Amino acid sequence: MPIQEEVWSGDVVVPPQLLLAVVHNGGFVALGYAAGDERAAGFVFGFVGIYDYHFRHHSHMLAVREAYRGSGLAKALKEAQRDHCLDQGIEVIAWTMDPLEARNAVFNFAKLGAFTREYHRDFYGPMPDKLNAGLPSDRIYVEWPIGHDRTYKRLRGEDRPPSLEEAEREGIAYTLRADGERPGNVAPATDETHLLLEIPAHFQELKARDPKTALAWRFAVREAIEPAFARGYAAVEFLRAANGRGAYLLVPQPRREGVIDTDE
Ligand SMILES: CC(C)(COP(=O)(O)OP(=O)(O)OC[C@H]1O[C@@H](n2cnc3c(N)ncnc32)[C@H](O)[C@@H]1OP(=O)(O)O)[C@@H](O)C(=O)NCCC(=O)NCCS
């Protein structure tokens, strides 16, 4: 598929035969088109998975060609994927995301209403494609509860997160904050009710210009987020400031059920 080549480059392309086989087995692929352009403007691809003893849909890829970003197509593709899953009785769609991509964070957290409570170091190993080359492929595991009220409201645009300035005015502390272009020192999570974790506004551009600082951000986010998640925090919002800065909002979550006890 040319759109995969264009967005990621040839190295991570999923072949069409595999896409068809997955669709034939409950998975989902949708292509989005713009009037007057015969090439696909966007696409989404995911498959059925099992996680924590429950069926869920794993969304492996979402892409909109650069010319069509900001057009609403990305949301339309996720809505189509959601409709497909709700019809199947599936309630959660999940995917992995590079936590340093601010645009994706806005899209996933602020616009869709997703959240994360899992961080994976170097999830895919070294990746050669143009978005990922040169850095360990750390990922957050994003969960999207597609039947929840918050999701409905976010999709309808009825409910938006507060601004980063508002969160700062409330006195919410940072576990990680930028110091100029570089990450500042990590203040490990303790018992705060809310925490902010800042990321760069334009990570790809920073990585191209200053790979060392990009790597420093990778390690700083790791250092801040891993202990926070281990203490039971989840990142539930991504907040933006008028000047382009952006930060995840972390809040403590009720503990998840432990492993099912199979003893008689
Ligand atoms: C991820 C992707 C599908 C989203 O599509 P999109 O058309 O860019 O998404 P939208 O414009 O609807 O939403 C992005 C939001 O981030 C905002 N945004 C854009 N750049 C940003 C930045 N650098 N920092 C913060 N926010 C940013 C946009 O303004 C928009 O918010 P708004 O609607 O409130 O204005 C698309 O950007 C893409 O194909 N990226 C490359 C592939 C990829 O990363 N796939 C996703 C893997 S999880």
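Observations
- Pairs with Cβ under 8 Å, 6+ apart, first in segment 86-99 and free of Cβ contacts under 8 Å to residues at least 60 places away in the same chain and under 20 Å from residue 147 (Cα atoms), second more than 16 Å from the ligand (Cβ to nearest atom) and in a helix (DSSP H, G or I): 91/85; 93/85
- Matching residues, segment 178-204, being in contact with a helix residue (DSSP H, G or I) (Cβ under 9 Å, 6 or more places away or on another chain), in a loop (DSSP other than H, G, I, E, B) and of a type in the set (Asp, Glu): 181
- Odd one out for residue 7, checked against (1) under 19 Å from residue 140 (Cα atoms); (2) within 11 Å of the ligand (Cβ to nearest atom); (3) not acidic (Asp, Glu): (1)
- In summary, no strands (runs of 3 or more DSSP E) completely within segment 36-112 bear 2 or more residues that are within 11 Å of the ligand (Cβ to nearest atom) and modelled with pLDDT under 95.
- Top-ranked residue of segment 113-123 - restricted to ones that are within 16 Å of residue 58 (Cα to Cα) and assigned to a loop (DSSP other than H, G, I, E, B), ranked as nearest to the ligand (Cβ to nearest atom): 114
- Taken together, 161, 254 contain a single residue that is loosely packed, with under 14 Cβ neighbours inside 10 Å and assigned to a loop (DSSP other than H, G, I, E, B), which is 254.
- Residue satisfying all of: in segment 10-35; of a type in the set (A, V, I, L, M, F, W, C) and outside any helix (DSSP H, G or I); farthest from residue 141 (Cα to Cα) among these: 35
- Residue within segment 134-145 that is touching a residue at least 60 places away in the same chain (Cβ under 8 Å), assigned to a helix (DSSP H, G or I) and more than 9 Å from the ligand (Cβ to nearest atom) present: no
The values are calculated or read from the model by the stated rules, or taken from the named source; none is laboratory data. Everything numeric in this text was worked out from a predicted model, so none of it was measured. Counting neighbours? That spans all protein chains shown, and the Cβs are built from the backbone with ideal geometry, glycine included.
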